[in-house]
Amino acid sequence: MGSTFFSNIIKLISRYGHVFLLEGVVYTLLLSLIAVAGGSVLGSLFALAKRSKFIPLRAVVSAIVEIVRGTPMLLQLYAGVFIFPQIVPALKELPDIVSVIIVLIINSGAYVSEVIRSGIQAVDIGQTEAARSLGLSARTTMMSVVLPQAVKNILPALGNEFITVIKETSLASTFYVGELMTSYLKVKGNTFLTLETLTIVGVLYFVLTFTLSKLLQAAERKMKHA
Amino acid sequence: MLDIKNIYKNFGDLKVLKGVSTHVEKGEVISLIGVSGSGKSTLLRCMNLLETPTFGEVWMEGKLLTPVDPYLHFDVIRASKTYARLTAEGLTDEEAIEKIKKNDLLHEKHGAEGKEYVRLMKQIYAENHLDANLARQKMGMVFQQFNLFNNKTVLGNITLAPVKIGIARMKAAKRAGKPVTETKESIQAAAEKKAMELLKRIGLEDKAGSYPSSLSGGQKQRIAIIRALAMDPDVMLFDEPTSALDPEMVGEVLDLIKELAKSGMTMVVVTHEMGFAREVSDRVLFVDEGYIKEEGSPEEIFKNPKDAHLKDFLSKVL
Ligand SMILES: Nc1ncnc2c1ncn2[C@@H]1O[C@H](COP(=O)(O)OP(=O)(O)OP(=O)(O)O)[C@@H](O)[C@H]1O
Ligand SMILES: [Mg+2]
C-alpha cells in the first residue's frame, strides 16, 4: 500500500489543496478566533457578573457556566442548532453557521470566565488589602493593582483556550459549516480515500496547534521577563 | 482620634472579639500584645474597616465609620411615634428606649413612623457617617507581609494612591464648579517629588525605579511604611511589621517606626517585640480571649501585671 498511499496524498493535495487550506484551515482559524474573541468579551462579562452584589444575576451566570462546563460541546451544538429553534421559533431564521458561532462563543465564554476568575484569585489578597488601606476604591484597586497582574496569568490560559477551541471546532463539521473537518467530509465524499484525507487533515490540525503552542510558550517566556 | 466602642467580631461561629472598647488619643502610641490567635490583627483591621465589625462602632474624629444603627441613636428613638405612645402610657424615657430596643419596634414597615425613621436615619447618616474609603486615606496600615504592589516600581508603589485620589478629588471639585488649578500632571509631579523626599529620608532614593522583587525584606517594609506616609495619615496601624523579617533586618525597620513615634505620629502597633513595646508605647493593651484583659503603661504591664494570663504570657516571651 505504501507507494499508492503517498501518491494518493500528493494527488489529493494538488487537487484539493485549496479546499483543505483556503476553506478548511482558514475557516477553522476564523471560527476559533471569533469564538475566543467573543468568548473573551462574554467571559469578562460573566466574570464581572459573578462578582456582582446582585444575587439573582450571580446565580444565573453561575448556572450557565456550570452547565456549559458540565456538558459535551457536541450536545451544546445540537441544542443550539436543533433544540432551541424548536422552542424559540425566531431562531429558525438563523443560518446554521450563526447558531454554531453563538454556541462556540457561549461555550468559550464559560471557560474564559473561569480563566479570568482564577487569574484574579491568583493575585495575592494582601496587595488588595494594601491598596484598600490606602483609601483606594475597590474599582481602582481592581484596575490598577489586581488586573494588570491577573492579565499575566490570564493571557497564557487564553492562548490554551484558543488551541482547545481549534480542536473543538471540528465538531461543527456535523453541520457542514466549512471548517477543516468539513473539508475532510467533502474530499472523502468525492474520492473515497478515507485514510489519506484523514491523514492530511490530522497533520494540518497538528501543525496549527503545535505552532500556536510553541508561539505561546515563547510569548510567555518573554512576558515573565517583562 | 479613634474611638472603638464595644466591637464584636465573629467569623462564622468563631467569636474572635467579644466587646472591645478603647480610645486612641492624638499622638499616642499603643501596642497590642497577646498570644497568637487572640484577635490582635482582627482588632487592628476593624479599626480601618478592612474587617467589618459584627457589632459595635468605630469613630474617627467624631465621624462614624461603621454602619449606622438606629438603636445606637437615642434621638432617632425619641423621635418615633412608638416612643411617644410608650411615654404617654407612663413609661420613663429610659424604659421606653429599652422596650423599643428589645422588641425591635423601630422598623421601616411601621407606616408613617417608618417614614419618619427613614428620614432621621438619612439625616444621621449625612451628619455623622464617614465613608470607609475616605477614612482609610487618613489611616495608614503596614502589614506583616509588606504587600507592595508587584506590578509597580518603588516610586509607582508610593505615588499610586496620592495620584489616583488626588485626581479623583480634582475631578470632584471641577464637577462641583470650584476653581481648580491642579492638573493630572501637577498632581503626578507633586506626588513624585514627595515620594523622592520620603525615599531620601530612608536612604533608598536610588531604588525609586526598582521593582519590589529586587528588594530585601527590610527595604520592602520601609518602603511600605513610607507608602502609607505619602498619604499624610493621621494615624498609622502596624500589624507585626517585623515578624516576617530576617533578624538582621529587624533593626532598620524598628528604627524607622521609633523615629515616627518620636515625631508625634499616632500609632497602633501589634507586636511580638516586647522590648520595642516597652520602649515606644504610651499604653499597652493585652488582648486575650476576645477582650482587652488588661491595659496600662508599659511600666504597669511589664513590671506589675495583674491578669493571670498576662503573667503567663509575659513569662513566656520575656
Ligand atoms: N478571615 C478570617 N476568617 C476566619 N477566621 C479568621 C479570619 N481571620 C482571622 N480568623 C481567626 O480569628 C482568630 C484571631 O485571628 P487574628 O489574626 O486576629 O489573631 P492574632 O492575635 O493576630 O494572631 P497572630 O499573633 O498569630 O497574628 C484566629 O483563630 C483566626 O484563625
Ligand atoms: Mg496577627
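Looking at region B:254-266, is at least one residue open to solvent by 10 Å² or more (accessible area, probe 1.4 Å), in contact with a Phe, Trp or Tyr (Cβ under 9 Å, 6 or more places away or on another chain) and away from ligand 1 (no atom under 16 Å from the Cβ)?
Scanning region B:254-266, I find at least one residue that is open to solvent by 10 Å² or more (accessible area, probe 1.4 Å), in contact with a Phe, Trp or Tyr (Cβ under 9 Å, 6 or more places away or on another chain) and away from ligand 1 (no atom under 16 Å from the Cβ), so the answer is yes.
Is it true that residue B:251 is more than 16 Å from ligand 1 (Cβ to nearest atom), in a loop (DSSP other than H, G, I, E, B), open to solvent by 20 Å² or more (accessible area, probe 1.4 Å) and not aromatic (Phe, Trp, Tyr)? Break it down stepwise before answering.
Values: more than 16 Å from ligand 1 (Cβ to nearest atom): yes; in a loop (DSSP other than H, G, I, E, B): no; open to solvent by 20 Å² or more (accessible area, probe 1.4 Å): yes; not aromatic (Phe, Trp, Tyr): yes.
No: the conditions fail for residue B:251.
Check B:2, B:14 and return the single one that is over 24 Å from residue B:311 (Cα atoms), away from every other protein chain (no Cβ under 14 Å) and within 16 Å of ligand 2 (Cβ to nearest atom).
On the way: B:2 fails: within 16 Å of ligand 2 (Cβ to nearest atom).
Among B:2, B:14, only B:14 is over 24 Å from residue B:311 (Cα atoms), away from every other protein chain (no Cβ under 14 Å) and within 16 Å of ligand 2 (Cβ to nearest atom).
Name the residues in region B:23-38 that are more than 19 Å from residue B:142 (Cβ to Cβ), touching a strand residue (DSSP E or B) at 6+ places or on another chain (Cβ under 6 Å) and near ligand 1 (Cβ under 7 Å from one of its atoms), would you?
B:38
Considering each of B:3, B:93, B:75 in turn, give the residue that is of a type outside the set (Val, Ile, Thr), more than 15 Å from ligand 1 (Cβ to nearest atom), touching a residue at least 12 places away in the same chain (Cβ under 8 Å) and under 20 Å from residue B:141 (Cβ atoms). Lay out the reasoning, then the answer.
Numbers: B:93 fails: under 20 Å from residue B:141 (Cβ atoms); B:75 fails: under 20 Å from residue B:141 (Cβ atoms).
The conditions single out B:3.
In region B:15-40, what residues are in a strand (DSSP E or B) and of a type in the set (Ser, Thr, Tyr)? Don't jump to the end; show me each part of the working.
Taking region B:15-40 first, the residues in a strand (DSSP E or B) are B:15-24, B:29-33.
Once the filter is applied, which keeps residues that are in a strand (DSSP E or B) and of a type in the set (Ser, Thr, Tyr), region B:15-40 yields B:21, B:22, B:31.
Which of the following residues is within 30 Å of residue A:221 (Cβ to Cβ), within 14 Å of chain B (Cβ to nearest Cβ) and either in a helix (DSSP H, G or I) or open to solvent by less than 10 Å² (accessible area, probe 1.4 Å) (or both): A:109, A:126?
Values: A:109 fails: within 14 Å of chain B (Cβ to nearest Cβ).
Answer to the check: A:126.
Residue by residue, here is whether (1) more than 16 Å from the chain's Cα centre (by Cα); (2) open to solvent by less than 50 Å² (accessible area, probe 1.4 Å); (3) more than 14 Å from chain B (Cβ to nearest Cβ) holds:
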{"residue": "A:37", "(1), (2), (3)": "no, no, yes"}
{"residue": "A:57", "(1), (2), (3)": "yes, no, yes"}
{"residue": "A:90", "(1), (2), (3)": "yes, no, yes"}
{"residue": "A:102", "(1), (2), (3)": "no, no, yes"}
{"residue": "A:118", "(1), (2), (3)": "yes, no, yes"}
{"residue": "A:138", "(1), (2), (3)": "yes, no, no"}
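Find all pairs meeting these conditions: Cβ atoms under 7 angstrom apart; at least six residues apart or on different chains; first residue within region B:251-263 and under 20 Å from residue B:216 (Cα atoms); second residue open to solvent by less than 40 Å² (accessible area, probe 1.4 Å) and of a type in the set (S, T, N, Q).
As it stands, the answer is B:253/B:221; B:253/B:242; B:254/B:242, since those pairs meet every condition given.
Please pick out the residue among B:142, B:154 that is open to solvent by less than 20 Å² (accessible area, probe 1.4 Å), within 16 Å of ligand 1 (Cβ to nearest atom) and under 24 Å from residue B:254 (Cα atoms).
Details: B:154 fails: within 16 Å of ligand 1 (Cβ to nearest atom).
Answer to the check: B:142.
Which members of region B:258-280 meet the condition of being closer than 19 Å to residue B:302 by Cβ, under 17 Å from the mean Cα position of the chain (by Cα) and outside any helix (DSSP H, G or I)?
The first filter runs over region B:258-280 and keeps only residues closer than 19 Å to residue B:302 by Cβ, leaving B:258, B:261, B:267-280.
Next, from what is left, pick out any that are under 17 Å from the mean Cα position of the chain (by Cα): B:261, B:267-271.
Those that are closer than 19 Å to residue B:302 by Cβ, under 17 Å from the mean Cα position of the chain (by Cα) and outside any helix (DSSP H, G or I): B:267, B:268, B:269, B:270, B:271.
Scan region A:2-20 and give yes if some residue there is open to solvent by 50 Å² or more (accessible area, probe 1.4 Å), farther than 30 Å from residue A:196 by Cβ and not hydrophobic (A, V, I, L, M, F, W, C), otherwise no.
For region A:2-20, residues open to solvent by 50 Å² or more (accessible area, probe 1.4 Å), farther than 30 Å from residue A:196 by Cβ and not hydrophobic (A, V, I, L, M, F, W, C): absent.
Residues of region B:168-200 being without any contact (Cβ under 8 Å) to a residue 24 or more places away in the chain and open to solvent by less than 30 Å² (accessible area, probe 1.4 Å), which ones? Walk me through how you get there before you give the answer.
From region B:168-200, those without any contact (Cβ under 8 Å) to a residue 24 or more places away in the chain are B:168-186, B:189, B:193, B:197, B:200; that's our starting set.
Passing the criteria: B:170, B:173.
Would you confirm whether or not region B:223-238 contains a residue that is more than 14 Å from chain A (Cβ to nearest Cβ) and within 16 Å of ligand 1 (Cβ to nearest atom)? Please lay out each step first, then the result.
Just the residues of region B:223-238 that are more than 14 Å from chain A (Cβ to nearest Cβ), to begin with: none.
Taking every residue of region B:223-238 in turn, none turns out to be more than 14 Å from chain A (Cβ to nearest Cβ) and within 16 Å of ligand 1 (Cβ to nearest atom).
Is it the case that residue B:306 is assigned to a helix (DSSP H, G or I) and open to solvent by 80 Å² or more (accessible area, probe 1.4 Å)? If you could, list the steps in order and put the result at the bottom.
Numbers: assigned to a helix (DSSP H, G or I): no; open to solvent by 80 Å² or more (accessible area, probe 1.4 Å): yes.
In short, no.
Could you go through region B:183-199 and let me know if any residue there is at pLDDT below 95, out of contact with any helix residue (DSSP H, G or I) (no Cβ under 7 Å at 6 or more places or on another chain), closer than 30 Å to residue B:67 by Cβ and not hydrophobic (A, V, I, L, M, F, W, C).
Checked against the condition, which is being at pLDDT below 95, out of contact with any helix residue (DSSP H, G or I) (no Cβ under 7 Å at 6 or more places or on another chain), closer than 30 Å to residue B:67 by Cβ and not hydrophobic (A, V, I, L, M, F, W, C), region B:183-199 yields no hits at all.
Identify all residues within region A:140-156 that are at the interface with chain B (Cβ under 7 Å from one of its Cβ atoms) and either aromatic (Phe, Trp, Tyr) or surrounded by 19 or more Cβ atoms within 10 Å (Cβ to Cβ) (or both); write none if there are none.
At the first step, the residues of region A:140-156 found to be at the interface with chain B (Cβ under 7 Å from one of its Cβ atoms) are A:140, A:144-145, A:148-149.
Answer for region A:140-156, where residues must be at the interface with chain B (Cβ under 7 Å from one of its Cβ atoms) and either aromatic (Phe, Trp, Tyr) or surrounded by 19 or more Cβ atoms within 10 Å (Cβ to Cβ) (or both): A:140, A:144, A:145, A:149.
Mind checking whether some residue in region B:118-131 is within 9 Å of chain A (Cβ to nearest Cβ), open to solvent by less than 60 Å² (accessible area, probe 1.4 Å), within 25 Å of the chain's Cα centre (by Cα) and of a type in the set (A, V, I, L, M)?
Restricting attention to region B:118-131, the residues satisfying the condition of being within 9 Å of chain A (Cβ to nearest Cβ) are none.
There is no residue in region B:118-131 that is within 9 Å of chain A (Cβ to nearest Cβ), open to solvent by less than 60 Å² (accessible area, probe 1.4 Å), within 25 Å of the chain's Cα centre (by Cα) and of a type in the set (A, V, I, L, M).
Quick one: in region B:35-81, which of the residues that are open to solvent by 30 Å² or more (accessible area, probe 1.4 Å) and within 16 Å of ligand 2 (Cβ to nearest atom) is farthest from the other protein chains (Cβ to nearest Cβ)?
B:35
If you go through region B:66-123 one residue at a time, how many are at pLDDT below 80, small (Gly, Ala, Ser) and at negative phi?
The qualifying residues number 4.
The values are calculated or read from the model by the stated rules, or taken from the named source; none is laboratory data. None of the values given here were measured: they were computed from a predicted structure. Using ideal geometry, Cβ is built from the backbone for each residue, glycine included, and neighbour counts are taken over all protein chains shown. For accessibility, only protein heavy atoms count, side chains too; no ligands or nucleic acids. Shrake-Rupley method; radii C 1.70, N 1.55, O 1.52, S 1.80 Å.
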